[in-house]
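Following: one structure in structure tokens, then a few remarks.
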Amino acid sequence: MINLDPDTEVCVCNSKTAKEIAECIKRYDIKTADELFEKVECSLADKCESCRDEGYNNDGINIPLVLHLVKQGKL
């Protein structure tokens, strides 16, 4: 089971936490990671892009993980 603290910074370049990303996903009813990356209002993954894949610390904490947890109702 994946347990992610909502205050964990996921998109370091844009200073976005898991909670902020989850709120954006819910607000705009986003279904895919690509949809989220394209949503200008969320301003994510547009600089170093590590949050798209392996995570900033190569720990797997990334935007697709946040999207997955939101879909499961865990975030």
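Could you tell me which chymotrypsin sites (Phe, Trp or Tyr not before Pro) in the chain are loop residues by DSSP with no more than 14 other beta carbons within 10 angstrom of their beta carbon? Sparse-neighbourhood loop chymotrypsin sites (Phe, Trp or Tyr not before Pro): TYR28.
Lys pairs in the chain, Cα-Cα under 12 Å, at least 8 apart or on separate chains: how many?
Values: LYS19/LYS74; LYS26/LYS71; LYS31/LYS39; LYS31/LYS71.
Going through the chain pair by pair, I get 4.
Computed from backbone phi, the HN-Hα couplings of the stretch 14-28 come to 10, 6, 10, 8, 4, 5, 5, 5, 4, 4, 5, 4, 5, 4, 9 Hz, rounded to whole numbers (Karplus: 6.51 cos²θ - 1.76 cosθ + 1.60, θ = phi - 60°; Gly and Pro given as x).
So what is the relative contact order for the stretch 9-71, in percent, with contacts set as C-alpha pairs under 8 Å and at least six apart? Numbers along the way, then the final one.
Values: 76 pairs, mean separation 23.6, N = 63.
Averaging sequence separation for qualifying contacts and normalising by length gives 38 percent for the stretch 9-71.
Each of ILE61, ILE21 was scored by other Cβ atoms within 10 Å of its Cβ. Arranged with the fewest first, they read ILE61, ILE21. Taken about its Cα centre, the stretch 9-71 carries a charge dipole of roughly 240 debye when the Cβ of each Lys and Arg holds +1 and the Cβ of each Asp and Glu holds -1.
None of the figures in this text is laboratory data; all of them are computed from the coordinates on show. Not measured: the values here are computed from a predicted model. Neighbour counts run over all protein chains shown; Cβ positions are idealised from the backbone, glycine included.
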